[in-house]
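The values are calculated or read from the model by the stated rules, or taken from the named source; none is laboratory data. A quick note: this is a predicted structure, and the numbers were derived from the prediction, not measured. Methodologically, a virtual Cβ is constructed for each residue, glycine included, from the backbone with ideal geometry; neighbour enumeration extends over all protein chains shown. All accessible areas refer to the heavy atoms of the entire protein, side chains included, with ligands and DNA or RNA removed. Shrake-Rupley method; radii C 1.70, N 1.55, O 1.52, S 1.80 Å.
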Amino acid sequence: MPFLALPFPAIDPVALAIGPITIKWYALAYIAGLIGGWYYARRLVMADSLWGVVKRPQVVDIDDLVVWVALGVVLGGRIGYVLFYNLPMYIADPMEILAIRNGGMSFHGGFIGAILAFLLFARGKGLNGYTLLDIGAVVVPIGLFFGRIANFVNGELWGRVAPDFPYAIVFPSGGPVPRHPSQLYEAATEGLLLFIVMAVSVRRFGFRKPGLLGGIFVLGYALARTFCEFFREPDRQLGFLFGDHFGPMGGGVTMGMLLCVPMMVVGLTYIVLAGTGRTRPRHPVATPAAEADRKAAVEA
């Protein structure tokens, strides 16, 4: 064990095994993220003070939406990894695309898949797509937190070499050198910190400006991910892009950084559009009080 390094905790990636059936921590992280997001989303749609005149989904809609989002995240995450990170290998062996058990999921791909699921569901239910995306933006950090913790438990996606960092860890699959536990940095920033930012934002703005919360999340995630990329080892098959002398930790631009650039642009765009009222519904939905006043006027 190198000096000034911590041993990797010996955590079995299999959380539960019953005969031939095994349940891994990674699967439990997905389940925890979905259940936590589902519960939080239900609480949000029941909070009258957050909505104003914007049409809100019903609680039963949130129950149905979870299935759509789960499919969008899994399919998008896998397709995104194939396209963004390891396309030559999958072209050479297309059947490997289906071998999800071997790992390989992209957040950016899962993000796109989830957006498509939200928009398709909103269209089918006659809801405002921006509003559903805003709900997702508030609850997604829960899944990000558990997902990054699962990455750490699996000893994957470890950080760059850090021989002088007192809390560096020697990962079993990362060679004999101590590395930054970048999975924990991502859990703290993309998960916990972003959850707090979104919780404060929803209490401050509610869902009265469709698209605003979604813009805040997209921009916040892009900034947090870019920061963590300075400590995270780039994917072996890609390495650094566009040179190797960028940033305080050394190394060039990574694929994660590159994919965050359009996210920053989109996030800022929707913050501006929502802040100036351009995403508000053209025909506001009447509140119960306003509807009661209308009926009273008709009867009079």
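Worth a mention:
- Condition check for GLY124 on (1) in contact (Cβ under 8 Å) with a residue 60 or more places away in the chain; (2) over 18 Å from VAL202 (Cβ atoms); (3) open to solvent by 30 Å² or more (accessible area, probe 1.4 Å); (4) assigned to a helix (DSSP H, G or I): one failure, at (1).
- The residue that is modelled with the lowest pLDDT, among those in the range 249-284 that are small (Gly, Ala, Ser) and surrounded by 13 or more Cβ atoms within 10 Å (Cβ to Cβ), is GLY251.
- All of VAL59, VAL53 fail the test of being hydrophobic (A, V, I, L, M, F, W, C), without any contact (Cβ under 8 Å) to a residue 24 or more places away in the chain and either in contact with a strand residue (DSSP E or B) (Cβ under 8 Å, 6 or more places away or on another chain) or exposed (fewer than 14 other Cβ atoms within 10 Å of the Cβ) (or both), apart from VAL59.
- Residue match in the range 228-239 (condition: part of a helix (DSSP H, G or I) and open to solvent by 20 Å² or more (accessible area, probe 1.4 Å)): no
- Residue in the range 82-101 that is acidic (Asp, Glu), open to solvent by 40 Å² or more (accessible area, probe 1.4 Å) and either within 19 Å of TRP68 (Cβ to Cβ) or not in a helix (DSSP H, G or I) (or both) present: yes
- When residues of the range 162-193 are limited to those that are aliphatic (A, V, I, L, M) and in contact with a strand residue (DSSP E or B) (Cβ under 6 Å, 6 or more places away or on another chain), the one farthest from GLY33 (Cα to Cα): VAL177
- Looking only at residues in the range 145-161 that are among the charged types (D, E, K, R) and surrounded by fewer than 23 Cβ atoms within 10 Å (Cβ to Cβ), the one that is nearest to GLY37 (Cα to Cα) is GLU156.
- Checking MET46 against (1) under 25 Å from ARG208 (Cβ atoms); (2) crowded, with 18+ Cβ neighbours inside 10 Å; (3) modelled with pLDDT of 90 or more, the condition it does not meet: (2)
- Test: residue in the range 158-173 that is of a type in the set (A, V, I, L, M) and within 20 Å of MET263 (Cβ to Cβ): no
- Leading residue by the ranking (modelled with the lowest pLDDT) among those in the range 1-10 that are open to solvent by less than 70 Å² (accessible area, probe 1.4 Å) and part of a loop (DSSP other than H, G, I, E, B): PRO2
- Residues of the range 195-221 satisfying the condition of being aromatic (Phe, Trp, Tyr), under 15 Å from TRP51 (Cα atoms) and touching a residue at least 12 places away in the same chain (Cβ under 8 Å): PHE207
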